[in-house]
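The values are calculated or read from the model by the stated rules, or taken from the named source; none is laboratory data. This structure is a prediction, so every number in the text was calculated from the model and none was measured. Note: ideal-geometry Cβ built from the backbone for every residue, glycine included; neighbour counts use all protein chains shown. We work out accessible area using only protein heavy atoms, side chains counted, and drop any ligands, DNA or RNA first. Shrake-Rupley method; radii C 1.70, N 1.55, O 1.52, S 1.80 Å.
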Amino acid sequence: MRTKDFAATNKISLANEYHRYNLKSVIFMISKKIAKEKRIILKHADDPNYSNKIGCYLRKGGYKMLEKSLKLKPEEIGEEVLKSGVRGRGGAGFPAGMKWKFLDRKSGKPIYLICNADESEPGTFKDRQIIYKDPHQLIEGMMITAYAIQAKLAFIYIRAEFFEGAKILERAISEAKEKGFCGENILDSDYSCDLVIHRGAGAYICGEETGLIESLEGKRPNPRIKPPYFPAVLGLYQCPTIVNNVETLCNVRHIMKMGGDAYAKLGKPNNTGTRIWCVSGQVVKPGYYEFECGALTLGEMIYDICGGLHPGRSLQAVIPGGSSAKVLRADERFTGKMKDGTEFDWGIEDIPLDFDGPMAAGSMSGSGGIIVMDDTVDMVQAMANINAFYAHESCGQCTPCREGVLWMRKITKRICSGHAREEDADLLLSVANQIEGRTICAFGEAAAWPTQSFVSKFRDDFIAKAKHPSDEKSQLQLI
Amino acid sequence: MKLSENALDLIDEIIPRYPQKRSAALMIIHVVQDELGCVSLEACEWIAQKLGLQPINIQELVTFYPMLREKPWGEKHVRVCRTLPCALKGSYATCKTFERKLGIKEGHVSEDGKYSLEFMECLADCGQGPVVMVGESTYENVQGEDAERFAELLLSDKLNEDQGFCSYEQNLTGE
């Protein structure tokens, strides 16, 4: 815990740590060939001499890319982004350049840009770092994007728990407006685009892009069905709309700086650029780490970068991409063929950290939230905890989801309170299977996947609860 | 319902930011709740009239969004994150400590209206759990004995003094 006394010396110690850590990772690299962090988005985030004010950003070359981009044709920017291969950082991993291509430019209706800063997937805390520590990077990325898609107006939809974050962004926007980076006739060009902050109010479903749009229209955030309501065609006010994640929009700036082709060389084919991985749970050094896609494996992340598990503990399971992603069991083998035909045979520690690796292992990299669980965790309680989250967050629009998530919560909670039955595992699976694929939005899958994977991979734990209801596997209460 | 001049000005400034008035609903609700602590039925009617809507169009938002309130929280509202990454770091124990120290169950307000406690879903700072928010400030790693000390300092109103805890927001570097 940081006390204020500590905080006074915090900046100095942070600076020391900064250098020591760099040195340490170089030694690491030579001895163990572990990849080094490559900070592009978070380059300045933890620099003790850097602040979230515009002066600092300008001194580091800020808004130069906006200036450069405004001299290009909008479609040229789209081409660079397409060439870069950058995939959306919000969870689905859809190529951003492709998303922009789908934009209906012929309708004659105004076009809108929305930044999804709802950051609500449990295990994810990357956008927070950008918003609080380097907000101008996001604004520059947004204004370049707005120009590229010729948006009339842009919004940042920020989760309400980021009270200070919204204030930081408000201030950053007025700083940017004063300097002519945003608003009327940006940098004396013909292009004008205003930027508006919109605060959510604590609903997870607002991270779903069509739910977010409904919320921004002043309604309950009940997601819309696709087709026909693809935002790029029928988005905000039924107008063409692009919704991108905070990290994705920041990447646009760096794509313009490097050029699409050079950016595409970062990472791996189809998994380009860097990603910010957020590691939480039972590791020694949890935190956010930015690496080139595929630069390291899940094992290297846990043991080398995050300092491994606490003494005497062993790995039990990892959720690789936010709580919606399917859980991976520590002793599983993952075999199969990648899209390019190469065969793989991985243990949990061998899974490459990119988009395709966790996907090949039957889960997903989602929003980059890696949740690590050691052997002290009661997996049935962990399941119950996740189910309580989804039961709280279902918008209630589709019956299978609204009813299903409540039953999944009730059943897992009952199991944990000493009233387990042997048939519970199958009952849970049956409920989850009847949600998946039967809802308007992907929340249904997000809620079903944890139950499907926990129950099938840790079935013995569920059965054991029924056989020995009074046995406490863990001191750690999760429900 | 009485709103300050500042709040009224802010509301008038918010509405034209949006191409359609109704979009301003959530932001206006925030302004009202920040000032009055909650959004009463009367407030819903007032906002609806301001935006040319029916009161139900506002009330359905207030009853949907977890952070919108029909009744106020206490003067100092404490949020403890319940979701998995924080729970793995002991947030259930932290919440129990607060319940004991503040003398209220989670989801409730103390009798004198001074404190309230909420065990809520993800606060998006999962790397440094258990995460606790007091009002608009975020505190990290509030765990075990630290949680005890934290609650005591909160009760004696010394949380932000030298012997207290430094929030995530205070830790941001200045220029």
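Couple of notes before you dig in:
- Restricting the range A:253-303 to residues that are away from chain B (no Cβ under 14 Å) and of a type in the set (Asp, Glu), the residue that is nearest to A:Ile351 (Cα to Cα): A:Glu300
- Residue match in the range A:202-222 (condition: among the β-branched types (Val, Ile, Thr), open to solvent by less than 20 Å² (accessible area, probe 1.4 Å), at the interface with chain B (Cβ under 8 Å from one of its Cβ atoms) and touching a residue at least 12 places away in the same chain (Cβ under 8 Å)): no
- Among the numbered conditions (1) touching a Gly at 6+ places or on another chain (Cβ under 9 Å); (2) surrounded by fewer than 22 Cβ atoms within 10 Å (Cβ to Cβ); (3) more than 10 Å from chain A (Cβ to nearest Cβ), the only one that B:Gln143 does not meet is (3).
- Verdict on A:Arg105 being open to solvent by 10 Å² or more (accessible area, probe 1.4 Å), modelled with pLDDT under 95 and not polar (S, T, N, Q): yes
- If only residues of the range B:48-63 that are more than 10 Å from every other protein chain (Cβ to nearest Cβ) and closer than 25 Å to A:Cys395 by Cβ are counted, the one that is surrounded by the most Cβ atoms within 10 Å (Cβ to Cβ) is B:Gln59.
- Residues located in the range A:224-239, provided they are within 14 Å of another protein chain (Cβ to nearest Cβ), surrounded by fewer than 24 Cβ atoms within 10 Å (Cβ to Cβ) and part of a loop (DSSP other than H, G, I, E, B): A:Cys239
- Count of the range B:7-23 residues, restricted to those that are under 30 Å from B:Val109 (Cα atoms) and within 9 Å of chain A (Cβ to nearest Cβ), is 0.
- Unique match (being in contact with a helix residue (DSSP H, G or I) (Cβ under 8 Å, 6 or more places away or on another chain), open to solvent by less than 20 Å² (accessible area, probe 1.4 Å) and either away from chain B (no Cβ under 14 Å) or without any contact (Cβ under 8 Å) to a residue 12 or more places away in the chain (or both)) among A:Cys193, A:Cys250, A:Cys182: A:Cys250
- Extreme residue, modelled with the lowest pLDDT, among residues of the range A:81-102 that are surrounded by fewer than 16 Cβ atoms within 10 Å (Cβ to Cβ) and assigned to a loop (DSSP other than H, G, I, E, B): A:Ala92
- Taking the range A:123-170 as the range and being among the hydroxyl-bearing types (Ser, Thr, Tyr) and within 11 Å of chain B (Cβ to nearest Cβ) as the test, the residues that pass are A:Thr124, A:Tyr132, A:Tyr157.
- Single match in A:Val372, A:Val377 (criterion: over 21 Å from the mean Cα position of the chain (by Cα), touching a residue at least 12 places away in the same chain (Cβ under 8 Å), within 11 Å of chain B (Cβ to nearest Cβ) and within 21 Å of A:Val318 (Cα to Cα)): A:Val377
- Residues that are within 18 Å of A:Glu121 (Cα to Cα), in a loop (DSSP other than H, G, I, E, B) and open to solvent by less than 30 Å² (accessible area, probe 1.4 Å), drawn from the range A:409-454: A:Cys441
- Number of positions in the range A:297-323 that are in a loop (DSSP other than H, G, I, E, B), touching a residue at least 40 places away in the same chain (Cβ under 8 Å) and either crowded, with 16+ Cβ neighbours inside 10 Å or not small (Gly, Ala, Ser) (or both): 8
- Here A:Gly202, A:Gly180, A:Gly165 are screened, and the one residue that is closer than 28 Å to B:Tyr139 by Cα and part of a loop (DSSP other than H, G, I, E, B) is A:Gly202.
- Boolean, A:Ala466 is more than 14 Å from every other protein chain (Cβ to nearest Cβ) and farther than 29 Å from B:Pro130 by Cα: yes
- Here A:Val243 meets each of (1) part of a loop (DSSP other than H, G, I, E, B); (2) under 30 Å from B:Tyr18 (Cβ atoms) with one exception, condition (1).
- Residues satisfying the stated conditions in the range B:24-46, i.e. within 11 Å of chain A (Cβ to nearest Cβ) and surrounded by fewer than 18 Cβ atoms within 10 Å (Cβ to Cβ): B:Asp34
- Subset of the range B:64-96 (residues that are of a type in the set (Ser, Thr, Tyr) and surrounded by 24 or more Cβ atoms within 10 Å (Cβ to Cβ)): B:Thr83, B:Ser91, B:Thr94
- Qualifying residue in the range B:107-118 (condition: in a strand (DSSP E or B), under 20 Å from A:Ala201 (Cβ atoms) and among the small types (Gly, Ala, Ser)): yes
- Segments classed as strands (runs of 3 or more DSSP E), wholly inside the range A:324-408, with at least 2 members that are within 22 Å of B:Asp125 (Cβ to Cβ): A:369-374
- Test for A:Ile131: is it in contact (Cβ under 8 Å) with a residue 40 or more places away in the chain, assigned by TED's automatic domain parsing to the domain that holds A:Gln238 and within 25 Å of B:Gly127 (Cα to Cα): yes
- Extreme residue, nearest to the chain's Cα centre (by Cα), among residues of the range A:381-404 that are away from chain B (no Cβ under 13 Å) and surrounded by 24 or more Cβ atoms within 10 Å (Cβ to Cβ): A:Cys401
- Flag if A:Ala166 is among the hydrophobic types (A, V, I, L, M, F, W, C), touching a helix residue (DSSP H, G or I) at 6+ places or on another chain (Cβ under 8 Å), under 27 Å from B:Glu121 (Cβ atoms) and open to solvent by less than 10 Å² (accessible area, probe 1.4 Å): no
- Just one of the numbered conditions (1) in contact with a helix residue (DSSP H, G or I) (Cβ under 8 Å, 6 or more places away or on another chain); (2) on the phi < 0 side of the Ramachandran plot is not true of B:Gln49: (1).
- Checking each residue in the range A:339-358 for being over 17 Å from A:Lys457 (Cβ atoms), open to solvent by 40 Å² or more (accessible area, probe 1.4 Å) and either modelled with pLDDT of 95 or more or of a type in the set (Ser, Thr, Tyr) (or both) picks out A:Thr342, A:Glu343, A:Asp345, A:Asp350.
- Of all residues in the range B:93-126, exactly one satisfies the criterion of being at negative phi, facing another protein chain (nearest Cβ under 9 Å) and free of Cβ contacts under 8 Å to residues at least 12 places away in the same chain, namely B:Lys96.
- Taking the criterion of being under 13 Å from A:Thr451 (Cα atoms) and without any contact (Cβ under 8 Å) to a residue 24 or more places away in the chain, the only residue of the range A:397-409 that qualifies is A:Leu406.
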